[in-house]
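Written out below as C-alpha cells is the structure these notes cover.
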Amino acid sequence: MAETLFTKIINREIPADIVYEDDLCLAFKDINPQAPLHILVIPKKHIERISDADKDEQDLLGHIFLKAGEIAKKNGYGDAFRLVVNNGEDAGQTVFHLHIHILAGRNFAWPPG
Ligand code: 5GP
C-alpha cells in the first residue's frame, strides 16, 4: 500500500496543526478548511478507505469515530457538527488514507453536494 502525505504528517516529515494525538490516531486542522472548524481524524495505521477496512480493524474504527465526536465537542461548537468520510475518487476522496472530516461553525445543507 502506497503511503500518502498523511503518513508524512504522522511521522512529522511535513508540518500540520495537530490538535490531538494518541497511540492509535492523530487529528489535525485541514489545510483548506470548508467550515470555521475543519479537522481531520486519521488512524495511524494506513487504511486506504473505509471500504478496505477489515473486521480486525473494528476497534480502531470505533476509536477514531469516538475521538472525532469528542474532538468536535471540545473545539467550541457543542453538539452542532458534521462528520464526513469520502470513500473513493468519485465520492470526493483525494487522500487515500482513511480520514474523518469534522466540520462545524456554519449551517450545512442536506443532502450534501
Ligand atoms: P478528501 O477529499 O480525501 O476527503 O479529504 C482530504 C483532505 O485533506 C482535504 O480536505 C484537503 O484539504 C486535506 N489536505 C490535503 N493535503 C493536506 C495537507 O498537506 N495538510 C493538511 N492539514 N490537510 C491536507
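Every number in this text was worked out from the coordinates using simple rules, so none of it is lab data. Given the structure is predicted, the values throughout are model-derived calculations rather than measurements. Backbone-built Cβ (ideal geometry, glycine too); neighbour counts: all protein chains shown.
Diffusion of the chain by Stokes-Einstein, at 25 °C in a medium of 0.890 mPa s and with Rh set to the Kirkwood radius over alpha-carbon pairs, works out to 170 µm²/s. Simple spin-label estimate for L83 and Y20 gives 0.9 nm between the two label positions (7 Å along the Cα-to-Cβ direction from each Cα). Axis angle, to the nearest 10 degrees, between helix 58-72 and the longest C-alpha principal axis of the chain: 30 degrees. Entry note, the chain: relative contact order of 30 percent, from Cα contacts under 8 Å with a spacing of 6+ residues. Enumerate the residues in the stretch 33-64 having an amide nitrogen under 19 Å from the point lying 7 Å beyond the Cα of K8 toward its Cβ. Flagged as within label range: 33, 40-48.
Rounded to the nearest 20, the size of the Cβ-charge dipole of the chain about its Cα centre is 460 debye, with Lys and Arg at +1 and Asp and Glu at -1. Going by Cα centres, the stretch 1-80 and the stretch 98-113 are how many Å apart? After rounding, the separation between the Cα centres reads 15 Å. In the structure shown, the pairs K44/K73; K29/K55; K8/K73; K29/K73 are assessed against 24 Å; a Cα-Cα span above that value is assigned to K29/K55; K8/K73.
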